[in-house]
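Here the structure comes first, spelled out in structure tokens, and everything after it is commentary.
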Amino acid sequence: MANRVYLCLAHMSGNEMRYIQEAFDTNWVVPLGPNVNGFEADLEAFINSRCHPDPINGGQCASTLQGGLREALPLNKKVVALSAGTAAIHLALVNLGVKAGDEVICQSFTFAASANPVTYLGATPVFVDSEAKTWNIDPNLLEDAIKDRIAKGKKPKAIIPVYLYGMPAYIDEIMEVAKRYNIPVLEDAAEGFGSRYRGQVVGTFGDYGVMSFNGNKMITTSGGGALICPDEEAAKRILFYATQAREPFPYYQHEHIGYNYRMSNICAGIGRGQMTIVGDHLAHHIHTKDVYQEAFKDIDGIELHVAPEDYMEPNYWLNTITVEPEKFGMDYDQLRLILDAANIESRPLWKPMHLQPVFKDAPAYVNGVSEELFKKGLCLPSGPMVSDEDLAYIIETIKTTKK
Ligand SMILES: *Cc1c(COP(=O)(O)O)cnc(C)c1O
């Protein structure tokens, strides 16, 4: 194939330039303005709704997101647009009162940005492994970890579950554990934009939820993120911290340490354009999953990671596979190199945080699940820029590779 097939490239609706032009025409080239407000309103409408009927399988919900099949929920969650998903995690931890010396539980099987902000505050991440069905934090191991930390003298200040590759977690069970010990939950939904659990979008179950609009995510603002907040008061506080913690005085008065984390009106313009086709993006990711699923049925030793429950509706941000060398004839990394030579980008599953050199001293509660997956899994190209022709080429390459 002449052109390389990438994992997940940004895809524009064509409406982005209109919002950006408007920002220039009205001189709102700053980190506030009509696009920021408009983007937040679009996101709030999106997250405070459920699919109808519930649950819906097979992507019907995703493809009708802009249609009449959305039902408003009395959630009233507020959204604050920020400069990055990482900034959203950082500010949520600030507002939850995480301080130096505290501990925060974090899913180990994730991208480093879930855990890094914990360390910005001088706190320590405590890593908890995943269960094998969703690949997300194991609710039973989570409870074991909480009990052990409490016995050791420190109750964790927050729990960060992750929706890895967009797969919903067992969030009801996670929330149950969190409530039992009265620990706030900060859902890292950076990879899970638009994924649903019992019809409701992920990121709206806990106290806070994180969205990312980095260039490789479900929708993009070139770089950006947002924090889903429980109410108006929390959103106001997040906005206060995101804009340098300025007190209401005519001069600059500061009583707290602030941050410069607000999204710009230009980036928000891109976000508004992206929200006009978010349903199509979701539908396309799910379409790539359907094509892979059909093809891999016949390939021994390749297993596609799909929703383990009918009430889970992943966005399939990245389609992921596990490779069994005894059946397939080679391991995941040999397959990766062959795909690479054929101009197809793939990537090993994320290396768990408890195996990362930078976190070698952090406490970890492991069960072997994420280490096992790291040793046998790959992410495959997904999303709107991957055509049916690309998919056929990827599948053909994998088929002819099999020994
Ligand atoms: C991308 C990502 C983030 C960070 O989002 P940015 O907008 O890139 O800062 C956080 N957590 C996970 C799991 C991610 O994949």
Restricting attention to the stretch 29-44, the residues that are in contact with a helix residue (DSSP H, G or I) (Cβ under 7 Å, 6 or more places away or on another chain) and acidic (D, E) number exactly 1
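Yes/no matrix, rows are residues, columns are (1) touching a strand residue (DSSP E or B) at 6+ places or on another chain (Cβ under 6 Å); (2) more than 17 Å from A362 (Cβ to Cβ); (3) among the aromatic types (F, W, Y):
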residue	(1), (2), (3)
A123	yes, no, no
F127	yes, no, yes
A132	no, yes, no
L141	yes, no, no
I150	no, yes, no
V162	yes, no, no
Y165	yes, yes, yes
Y170	no, yes, yes
Among the residues of the stretch 175-202, how many are part of a loop (DSSP other than H, G, I, E, B), within 10 Å of the chain's Cα centre (by Cα) and charged (D, E, K, R)? 1
Could you identify the single residue in V202, V185, V177 that is away from the ligand (no atom under 16 Å from the Cβ), among the hydrophobic types (A, V, I, L, M, F, W, C) and without any contact (Cβ under 8 Å) to a residue 60 or more places away in the chain? V177
More than 11 Å from the ligand (Cβ to nearest atom), at pLDDT 95 or above and crowded, with 16+ Cβ neighbours inside 10 Å: does that describe I160? no
For the stretch 84-98, state whether one or more residues are touching a helix residue (DSSP H, G or I) at 6+ places or on another chain (Cβ under 6 Å), surrounded by 24 or more Cβ atoms within 10 Å (Cβ to Cβ) and modelled with pLDDT under 95. no
Can you find a residue that is surrounded by fewer than 19 Cβ atoms within 10 Å (Cβ to Cβ), hydrophobic (A, V, I, L, M, F, W, C), at pLDDT 95 or above and closer than 30 Å to R198 by Cβ anywhere in the stretch 378-399? no
Being touching a strand residue (DSSP E or B) at 6+ places or on another chain (Cβ under 9 Å), buried (at least 20 other Cβ atoms within 10 Å of the Cβ) and of a type in the set (S, T, N, Q) is true for just one of N319, N343. Which residue is that? N319
What are the pairs with Cβ atoms under 6 angstrom where one residue, in the stretch 358-370, is within 26 Å of I321 (Cα to Cα) and the other, located anywhere, is polar (S, T, N, Q) and at pLDDT 95 or above? Sequence gap at least six, or different chains. V369/S130; S370/S108; S370/S130
Restricting to the stretch 117-144, what's the tally of residues that are among the aliphatic types (A, V, I, L, M), in contact (Cβ under 8 Å) with a residue 40 or more places away in the chain and surrounded by fewer than 24 Cβ atoms within 10 Å (Cβ to Cβ)? 2
Among residues belonging to the stretch 373-400 that are among the polar types (S, T, N, Q) and without any contact (Cβ under 8 Å) to a residue 24 or more places away in the chain, point out the one that is farthest from S13 (Cα to Cα). T400
Filtered residues of the stretch 178-218 (kept if of a type in the set (A, V, I, L, M, F, W, C) and surrounded by fewer than 24 Cβ atoms within 10 Å (Cβ to Cβ)): I183, V185, F205
Search result, residues across the stretch 80-97 that are within 8 Å of the ligand (Cβ to nearest atom) and β-branched (V, I, T): T86, I89
Condition check: within 30 Å of G368 (Cβ to Cβ) and at pLDDT 95 or above. Does S108 satisfy that? yes
Within the stretch 247-273, considering residues that are surrounded by 10 or more Cβ atoms within 10 Å (Cβ to Cβ) and of a type in the set (A, V, I, L, M), the one nearest to G85 (Cα to Cα): M263
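Yes/no matrix, rows are residues, columns are (1) within 21 Å of S114 (Cα to Cα); (2) within 12 Å of the ligand (Cβ to nearest atom):
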| site | (1), (2) |
| --- | --- |
| F193 | yes, yes |
| F213 | yes, yes |
| G225 | yes, yes |
| P230 | yes, no |
| Y241 | yes, no |
| F249 | no, no |
| R262 | yes, no |
Across the stretch 291-311, what is the number of residues that are under 25 Å from S212 (Cβ atoms) and surrounded by fewer than 23 Cβ atoms within 10 Å (Cβ to Cβ)? 6
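The values are calculated or read from the model by the stated rules, or taken from the named source; none is laboratory data. If you're wondering where the values come from, they're calculated on a predicted model, not measured in any experiment. Neighbour counts run over all protein chains shown; Cβ positions are idealised from the backbone, glycine included.
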